[in-house]
Amino acid sequence: MIVAANFKINHTRESTANYLEALNLFLDAYSTLCDVRVYPVASSFLRADLYSHVKLGAQNFYPIINGAYTGEIGAQQLNEFGIKNVLIGHSERRVALKETQELIAKKYAFAKENGWEIIYCIGESKDVRDGGFESVMEYLWSEFDGIDINYEKLSIAYEPIWAIGTGVSAKVEDIAKVLDTLKSKLNDIPLLYGGSVNTENLFSILSLKSCDGALVGNASLDVANFCKLIQIAQNVQKQ
Ligand code: 13P
């Protein structure tokens with residue numbers, strides 16, 4: 001089970017360090033089987049090897065080692081911190097930052113070349129959702145253009161845009177339908193759900209047969225709450 005915290009633009013370098021220290025101490029004592037990942041703001045990166053129970057990741061990078069792309073970070077900067085985990089395709093980058101599928105595919109290929117673990121994000125808008133299940137799936141498959149789904153370090157996060165940061169997650173039945181359909185074509189690739197995950201809804205979401213984890217925004221920002229989410233994930237039994 002993967003439990004991942006996407007900080008987006010939250011926490012300072014100091015509060016990130018305190019968070020990671022507390023989380024690592026908790027995991028040291030708790031010994032969970034969960035794969036716990038934290039994606040802080042790039043200015044708060046810390047050495048990944050300081051936290052033995054947590055995988056530190058990058059929310060973003062430009063597909064280059066180093067060079068002339070003002071404001072971006074590349075492999076050289078991630079390597080300095082030993083970061084080998086990345087998010088790609090998050091809807092906030094697709095929509096607000098206008099990342100095209102072409103750029104996303106380049107980032108994906110670069111991450112793969114570097115052997116990084118990828119959480120690849122997909123998700124439909126409210127408009128697409130209103131068009132019904134078939135249009136949702138058609139849209140989601142289109143977000144795989146140029147993406148090598150045979151990469152062994154790939155997980156996929158299904159994050160419906162309309163459920164992100166709204167406090168209203170998708171209905172469990174709807175999540176199940178999408179994840180089951182994805183699973184039928186994507187075989188063993190771990191599938192995560194994201195979008196207003198919290199301590200109330202996590203258990204039922206993770207109990208779904210095709211759900212292998214959660215990508216959490218708001219509810220991950222408080223370390224005690226994130227630890228609760230990990231405990232909930234640990235208690236989910238799958239046959
Ligand atoms: P929220 O959990 O705040 O809805 O954010 C979800 C998300 O976008 C994680 O990547």
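The values are calculated or read from the model by the stated rules, or taken from the named source; none is laboratory data. Just so it is clear, the structure is predicted and the values come from calculations on it, not from any experiment. With ideal geometry, Cβ positions are generated from the backbone for all residues, glycine too; neighbour counts draw on all protein chains shown. These area figures cover heavy atoms from the full protein model, side chains too; ligands, DNA and RNA do not enter into them. Shrake-Rupley method; radii C 1.70, N 1.55, O 1.52, S 1.80 Å.
In table form, for the structure just shown:
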| read-out | value |
| --- | --- |
| FRET efficiency, 1/(1 + (r/R0)^6) with R0 45 Å, evaluated for Ser15 and Leu186 via beta carbons | 0.80 |
| Two-site label geometry, Asn235 and Tyr69: point separation in nm, points 7 Å out along Cα→Cβ | 4.3 nm |
| Cα Rg, Dmax, segment 54-105, angstrom units | 11.4, 32 |
| Computed over the chain: relative contact order in percent, which uses C-alpha pairs under 8 Å that are six or more apart | 21 percent |
| Exposure rank, largest accessible area first [Thr16, Thr70; 1.4 Å] | Thr70, Thr16 |
| Quotient of Cα Rg and 2.2 N^0.38 Å for segment 1-62, N being how many residues it contains | 1.06 |
| Segment 140-239, accessible area per residue, ligands and nucleic acids excluded (1.4 Å, Å²) | 45 Å² |
| Among His11, Gly74, Gly213 the positive-end extreme of the charge dipole of the chain (Cβ point charges) | His11 |
| Within the accessible area of segment 76-155 (1.4 Å probe), percent carbon and sulfur | 51 percent |
| 10 Å-binned pair-distance histogram of segment 1-105 (Cα, whole percent) | 14, 45, 31, 9, 1 |
| Magnitude of the charge dipole, the chain, Cβ model with Lys/Arg +1 and Asp/Glu -1, debye to 20 | 220 debye |
| Net lengthening on full extension, Asp145/Val172 (0.36 nm per residue, minus Cα-Cα) | 7.0 nm |
| Ratio of Rg to Rh over segment 169-239 (Cα coordinates, Kirkwood Rh, two decimals) | 0.96 |
| Cα-only radius of gyration and Dmax that characterise segment 76-203, units Å | 14.8, 45 |
| Segments 2-10, 190-198 sorted - mean Cβ within 10 Å per residue, highest first | 190-198, 2-10 |
| Descending semi-axes in whole angstrom, ellipsoid equivalent of the chain, from the Cα gyration tensor | 25, 23, 16 |
| DSSP loop GluC sites (Glu not before Pro) with at most 14 other Cβ within 10 Å: longest gap in the chain | 1-151 |
| Within straight-line cross-link reach of Lys153, lysines at Cα separation under 19 Å, skipping those fewer than 8 residues along the same chain | Lys55, Lys84, Lys106, Lys107, Lys112, Lys183, Lys185 |
| For segment 87-144 and segment 25-81, distance of Cα centres in Å | 21 Å |
| Dipole of the chain, positive direction: furthest Cα of Asn225, Ala170, Ala111, with charges on the beta-carbon | Asn225 |
